[in-house]
Amino acid sequence: MRKSALFEPIRIRSLELANRIVIAPMCQYSAQNGRMNDWHLIHLGQLAISGAALLTIEATAVMAEGRITYADVGLYNDDAETAMGRILESIRRWSKMPIGVQLSHAGRKASTEVPWKGGGQLSPADPLGWQTIGPSAIPFAPEYIPPLALDREGMREIRRAFASAAKRADRIGLNLIQLHAAHGYLLHQFLSPLSNQRTDEYGGSLENRMRFPLEVFETVRQVFPAEKPVSVRVSGTDWIPGGWDLEQTVIFARALERLGCDAIHVSSGGNGLEQRIPAGPSYQVPLARAVKAAVGVPVVAVGLITGFEQAEGIVQTGDADMIGLARTILYDARWPWHAAARFGASVRVPSQYLRCQPDRFPNLLVSE
């Protein structure tokens with residue numbers, strides 16, 4: 001059997017990853033006032049012994065008003081930092097898997113109900129809601145209350161919030177930061193002409209629409225330790241005519257690379273109800289392939305990647321450097337174990353689990 005590309009190590013800045021499987025951020029909508037709790041210990045703890053190379057904490061708001069819902073995780077005050085630090089300390093007693101965090105601001109898509117209660121927007125008059133902001137006063141949906149268009153001071157405040165959250169992430173020992181510039185949240189809202197109709201230097205041309213997201217990236221890169229990587233998650237396309245598209249994504253990716261971005265995670269959609277997504281196995285891989293062809297930093301593909309050969313093929317053919325798992329690994333938290341067994345590779349596990357190693361896969365499990 002030839003050596004698996006999926007289980008080859010890879011280096012991102014100074015961060016050594018054991019294989020090419022990363023766990024994508026997955027919102028749990030289970031925090032209390034931005035603070036992680038025992039649910040996050042259960043959720044992240046099981047993923048931290050999955051055999052993947054990197055665990056990324058869910059979209060974490062840099063401001064209370066930047067949360068998608070009132071139950072989102074935050075990293076915007078001392079209580080939230082302490083709570084996240086406590087979860088990380090517990091996980092790291094048993095797992096050496098590197099852990100990153102996705103820093104985010106939801107912009108016009110903030111102040112919503114949790115998904116299992118309908119997910120609609122909550123008005124500022126609701127005890128659990130607040131007034132949203134965005135690049136322009138354009139609501140995400142017709143029934144939503146329009147966001148307030150950000151002024152310069154508001155934009156400066158958000159940049160400061162990203163910087164503060166990045167410093168907190170470093171203090172609690174996180175290994176990587178991913179900036180969320182996808183799925184219709186604030187940085188994506190600035191990029192897309194569907195949500196950004198400003199007439200100043202932050203709107204109009206592609207150069208102008210990229211300006212604020214690039215400023216946020218530079219701010220975070222300046223305050224996060226130089227040896228630690230900063231990556232960005234992008235939506236390769238809005239899947240809406242006249243919106244953000246792959247050609248613009250490639251230009252944005254190149255601009256990020258010039259500023260020191262260490263990896264780009266390519267997803268899609270999320271910025272309009274009119275989107276028509278051709279969902280199917282590997283449907284977003286062509287987007288990742290185009291970005292990878294344009295930049296020299298590692299690229300992550302994600303989206304309905306469920307099969308072992310499917311994932312191996314994405315990396316083996318060079319469509320992407322890594323694959324991201326989300327719902328797939330929620331369904332099967334030992335997916336990397338099973339993939340390693342399929343390809344004759346090994347994964348690192350706690351010593352307590354070594355005795356479950358099947359006789360037919362004698363080199364599958366290696367102690368942390």
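Readers should treat all values here as calculations from the given coordinates under stated rules, not as data from a laboratory. This is a predicted model, so every value here is computed, not measured. Ideal geometry is used to build each Cβ from the backbone, glycine not excepted, and the neighbour counts take in all protein chains shown.
Within region 282-297, is there a residue that is among the β-branched types (Val, Ile, Thr), closer than 30 Å to TRP94 by Cα and crowded, with 17+ Cβ neighbours inside 10 Å? No, the conditions are met nowhere in region 282-297.
Set side by side, the residues GLY243, GLY260, GLY270 differ, and just one is more than 15 Å from the chain's Cα centre (by Cα), in contact (Cβ under 8 Å) with a residue 24 or more places away in the chain and closer than 26 Å to ALA141 by Cα, which is GLY243. Figure legend. Inter-residue proximity from region 306-331: first residues within 9 Å of ALA24 (Cβ to Cβ), second residues surrounded by 14 or more Cβ atoms within 10 Å (Cβ to Cβ) and among the aromatic types (Phe, Trp, Tyr), beta-carbon distance below 9 Å, spacing 6+ or different chains. Indicated pairs: LEU325/TRP335; ILE329/TRP335.
Of all the listed residues (LEU179, LEU174, LEU128), the sole one being in a loop (DSSP other than H, G, I, E, B) and within 20 Å of ALA226 (Cβ to Cβ) is LEU174.
Yes/no matrix, rows are residues, columns are (1) touching a helix residue (DSSP H, G or I) at 6+ places or on another chain (Cβ under 6 Å); (2) surrounded by 22 or more Cβ atoms within 10 Å (Cβ to Cβ); (3) touching a residue at least 24 places away in the same chain (Cβ under 8 Å):
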site: ALA52; (1), (2), (3): yes, yes, yes
site: ALA59; (1), (2), (3): no, yes, yes
site: MET63; (1), (2), (3): yes, yes, yes
site: TYR70; (1), (2), (3): no, yes, yes
site: SER90; (1), (2), (3): yes, no, yes
site: ALA106; (1), (2), (3): yes, yes, yes
site: GLY134; (1), (2), (3): yes, yes, yes
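Looking only at region 278-297, which residues are within 21 Å of LEU187 (Cα to Cα) and outside any helix (DSSP H, G or I)? GLN284, VAL295, VAL297, listed by residue number. Scanning region 189-206 for residues that are buried (at least 22 other Cβ atoms within 10 Å of the Cβ) and either more than 26 Å from the chain's Cα centre (by Cα) or farther than 17 Å from ASP238 by Cα (or both) yields no hits at all. Each residue in region 1-19 was checked for being of a type in the set (A, V, I, L, M, F, W, C), out of contact with any Gly (no Cβ under 8 Å at 6 or more places or on another chain) and part of a loop (DSSP other than H, G, I, E, B), and 4 pass.
A single member of ILE49, ILE57, ILE87 is hydrophobic (A, V, I, L, M, F, W, C) and in a helix (DSSP H, G or I), and it is ILE87. Does region 335-343 include one or more residues that are in a loop (DSSP other than H, G, I, E, B) and under 22 Å from GLU8 (Cβ atoms)? No, there is no match, as no residue in region 335-343 is in a loop (DSSP other than H, G, I, E, B) and under 22 Å from GLU8 (Cβ atoms). Does PRO213 satisfy the condition of being in a helix (DSSP H, G or I) and touching a residue at least 24 places away in the same chain (Cβ under 8 Å)? Judged against the criteria, PRO213 is a match. Filtered by the rule that a residue be assigned to a loop (DSSP other than H, G, I, E, B) and surrounded by fewer than 23 Cβ atoms within 10 Å (Cβ to Cβ), region 238-260 gives TRP239, ILE240, PRO241, GLY242, GLY243, ASP245, LEU259, GLY260.
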